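Have a look at the structure below, then the notes.
The values are calculated or read from the model by the stated rules, or taken from the named source; none is laboratory data. Quick caveat: nothing in here was measured; it's all calculated off a predicted structure. As a convention, Cβ positions derive from the backbone with ideal geometry for all residues, glycine included, and neighbour counts pool all protein chains shown.
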Ligand code: MOS
């Protein structure tokens with residue numbers, strides 16, 4: 001029996017397709033009322049007058065909460081510092097200030113959703129407007145350095161850039177930009193808040209149940225033990241559900257005041273402001289190489305937007321520090337403040353945008369050198385982490401280039417732009433490197449054998465639709481020697497043993513070792529029970545001699561001497577047996593540099609008259625340690641690639657620069673890729689073992705899939721058309737210029 005690595009079907013698949021799986025807004029509670037947020041309609045100013053009388057008189061309305069009547073929270077509502085992820089400054093009706101358009105400024109609670117929505121529209125607000133900063137172009141030159149980028153300094157320098165630029169055979173000096181993007185998971189943010197005396201239960205769509213508990217408790221000034229956060233299913237997160245936003249606390253405040261449980265769901269337009277975004281970025285790239293392709297100088301200066309209430313930093317140049325063995329390298333991160341909602345993590349924050357700039361610049365350099373782009377990358381292959389000097393925990397990037405190029409048919413590419421055609425279309429082939437850190441944090445799990453011979457395993461982690469339920473069930477079943485269907489894995493409850501945020505591609509790498517440790521401790525307990533039990537056929541056997549197979553304890557040398565787990569438990573009073581274990585990285589975390597790597601190859605077809613771009617094929621090949629489930633793993637990598645197509649060609653939040661409101665705040669006008677936009681996607685996972693990331697050898701796969709795709713497509717578009725588009729998304733108007 002060996003489930004790990006198999007293409008096991010999702011254990012939660014049937015519950016999902018039959019609707020049995022309950023998402024946050026679907027939990028039914030008696031007496032539930034509906035809350036709707038009232039949002040600001042100006043980008044900067046103060047509420048001069050707010051008139052709730054009409055709304056309060058409307059049918060079914062129980063409560064209209066504004067800054068005039070909301071409870072005063074400790075620390076002016078600016079509590080909630082929580083690390084990781086970043087602490088958020090929320091909008092909790094503590095003052096009359098408006099910092100961005102579409103900021104929550106009130107909550108209406110009514111018996112029905114329709115009544116609440118209607119009443120929310122009847123809250124009359126008069127504003128005193130202040131001047132707003134809305135245009136990145138106007139403020140980007142006055143940017144400032146943040147204190148830190150993740151745990152690193154915002155600026156870095158190695159070698160001497162001037163020296164590296166001397167005697168260059170080719171130099172690229174170019175500006176790349178990426179727009180603001182919003183996450184748009186299918187399931188919007190949703191919270192149900194229910195108080196029972198002084199205890200609060202939250203059904204919340206979140207990537208971090210214990211994070212929500214800590215933040216909400218701290219913000220409301222109550223003990224974390226009095227808050228329970230439940231989230232069995234998430235309909236997509238992508239980073240926007242990685243931190244606790246205003247609406248979660250507002251739901252709790254509204255429920256407390258209304259005296260009944262309250263459900264608060266953001267509608268699609270409300271997702272464009274108060275719950276984060278990928279910030280607009282600008283990258284000044286400078287790259288120089290000698291005639292042999294040796295990268296002698298590399299500079300990456302990134303400026304990103306943030307809000308006036310909080311610094312959020314898009315760490316785009318961190319990957320530039322580690323990806324190539326360049327002796328002279330300079331990076332800088334800068335921020336510019338705008339009257340917008342605070343940006344946040346969005347799938348591969350930093351790497352998604354940074355890899356576009358870096359990998360497109362390298363493509364330009366390859367053309368300038370008349371060198372194959374893969375060859376250029378191989379000549380600057382980093383054998384160890386060039387920034388830290390530490391060895392990689394594992395790195396199969398050479399193999400990724402090789403296998404990806406072979407599967408893609410890279411050798412058929414004729415390098416000259418515009419030289420390939422098919423069916424009247426310009427054909428372009430482009431490639432780029434993909435990379436993302438291989439993170440791991442502390443996590444805990446509990447494993448319990450029940451008298452009926454089934455096991456219940458729990459950890460306070462989350463499943464964003466990616467396969468956590470399935471993979472943890474596989475790990476537990478293998479460790480316990482039980483068939484898959486006899487193991488139930490539960491997650492998404494802050495009362496379970498704690499696990500980290502399902503962000504940073506770390507859930508499997510962090511939680512699987514904890515599940516393995518707990519299941520292994522339980523296994524040993526059961527074996528010891530049998531050995532110490534004179535009534536057991538395994539009495540006084542050696543601990544190492546005994547295995548559990550298919551629910552039976554047996555002696556390896558003497559398979560006939562065996563007994564079923566249920567029999568053992570029955571003799572011991574029919575009580576469950578359980579073990580809880582914690583698992584965390586050790587010294588290997590600093591002794592090695594942990595990253596996943598990959599190579600992305602894209603084929604685009606461009607209509608020469610209309611500029612329409614179709615992505616015919618993408619091959620992504622990745623070294624991600626051991627893939628615990630081939631099916632869910634490939635799906636997740638494929639999903640990342642699809643995201644990359646959106647980044648490259650479609651996604652952009654358009655702001656009205658007069659009032660700072662997103663004008664395409666809906667899925668009809670904010671374009672994400674649909675099936676018709678996606679051609680063939682081929683995912684290769686190269687054989688890679690990484691015992692230094694964790695005992696299971698598994699690196700995360702949630703984010704690497706999107707990295708490199710923007711550049712691979714932009715490079716393919718250049719190859720097809722000879723037009724170098726440095727501003728994402730690459731829409732057809734840019735090709736018709
Ligand atoms: Mo991911 S953007 O770290 O949730």
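Scoring residue 695 on the criteria (1) in a loop (DSSP other than H, G, I, E, B); (2) surrounded by 24 or more Cβ atoms within 10 Å (Cβ to Cβ) leaves a single failure, condition (2). Only one of the listed residues (434, 476) is assigned to a strand (DSSP E or B), closer than 25 Å to residue 7 by Cα and at pLDDT 95 or above. That residue is 434. For the range 139-165, taking the residues that are in a loop (DSSP other than H, G, I, E, B) and in contact with a strand residue (DSSP E or B) (Cβ under 8 Å, 6 or more places away or on another chain), the one that is farthest from residue 319 (Cα to Cα) is identified as 143. Of the residues that make up the range 589-601, is at least one farther than 30 Å from residue 640 by Cβ and either in contact with a strand residue (DSSP E or B) (Cβ under 7 Å, 6 or more places away or on another chain) or surrounded by fewer than 18 Cβ atoms within 10 Å (Cβ to Cβ) (or both)? Scanning the range 589-601 turns up no residue that is farther than 30 Å from residue 640 by Cβ and either in contact with a strand residue (DSSP E or B) (Cβ under 7 Å, 6 or more places away or on another chain) or surrounded by fewer than 18 Cβ atoms within 10 Å (Cβ to Cβ) (or both).
The residue that is surrounded by the fewest Cβ atoms within 10 Å (Cβ to Cβ), counting only those in the range 19-53 that are outside any loop (DSSP other than H, G, I, E, B) and in contact with a helix residue (DSSP H, G or I) (Cβ under 9 Å, 6 or more places away or on another chain), is 34.
Kindly evaluate residue 673 against the criterion of being more than 22 Å from residue 400 (Cβ to Cβ), touching a helix residue (DSSP H, G or I) at 6+ places or on another chain (Cβ under 7 Å) and touching a residue at least 60 places away in the same chain (Cβ under 8 Å). No, not satisfied. When you look at residue 210, is it within 16 Å of the ligand (Cβ to nearest atom), within 20 Å of the chain's Cα centre (by Cα) and in the same structural domain as residue 313 (by TED's automatic domain parsing), yes or no? Against the criterion (within 16 Å of the ligand (Cβ to nearest atom), within 20 Å of the chain's Cα centre (by Cα) and in the same structural domain as residue 313 (by TED's automatic domain parsing)), residue 210 does not qualify.
For (1) surrounded by 19 or more Cβ atoms within 10 Å (Cβ to Cβ); (2) within 16 Å of the ligand (Cβ to nearest atom); (3) closer than 15 Å to residue 476 by Cα, each residue gets a yes or a no:
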| position | (1), (2), (3) |
| --- | --- |
| 503 | yes, yes, no |
| 510 | yes, yes, yes |
| 521 | no, no, yes |
| 527 | yes, no, no |
| 537 | no, no, no |
| 542 | no, no, no |
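Residues in the range 243-270 that are within 16 Å of the ligand (Cβ to nearest atom) and out of contact with any helix residue (DSSP H, G or I) (no Cβ under 8 Å at 6 or more places or on another chain): 245 alone. Output yes when any residue across the range 321-337 is part of a loop (DSSP other than H, G, I, E, B) and either outside the structural domain of residue 643 (by TED's automatic domain parsing) or within 16 Å of the ligand (Cβ to nearest atom) (or both), and no when none is. No, the range 321-337 contains no residue that is part of a loop (DSSP other than H, G, I, E, B) and either outside the structural domain of residue 643 (by TED's automatic domain parsing) or within 16 Å of the ligand (Cβ to nearest atom) (or both).
So residue 556 fits all but one of (1) surrounded by fewer than 18 Cβ atoms within 10 Å (Cβ to Cβ); (2) touching a strand residue (DSSP E or B) at 6+ places or on another chain (Cβ under 9 Å); (3) touching a residue at least 12 places away in the same chain (Cβ under 8 Å); what number is the exception? Going through the list (1) surrounded by fewer than 18 Cβ atoms within 10 Å (Cβ to Cβ); (2) touching a strand residue (DSSP E or B) at 6+ places or on another chain (Cβ under 9 Å); (3) touching a residue at least 12 places away in the same chain (Cβ under 8 Å), residue 556 breaks only (3).
The residues on offer are 620, 644, and the sole one that is in a strand (DSSP E or B) and touching a residue at least 12 places away in the same chain (Cβ under 8 Å) is 620. Filter the range 438-456 down to the residues that are buried (at least 24 other Cβ atoms within 10 Å of the Cβ) and either at pLDDT below 95 or assigned to a strand (DSSP E or B) (or both) and list them by number. Residues satisfying the conditions are 443, 445, 447, 449, 455. So, residue 253, is that one closer than 27 Å to residue 324 by Cα and either in contact (Cβ under 8 Å) with a residue 12 or more places away in the chain or assigned to a loop (DSSP other than H, G, I, E, B) (or both) or not? In short, no.
Can you find a residue in the range 671-679 that is under 22 Å from residue 502 (Cα atoms) and outside any strand (DSSP E or B)? No: the range 671-679 contains no residue that is under 22 Å from residue 502 (Cα atoms) and outside any strand (DSSP E or B).
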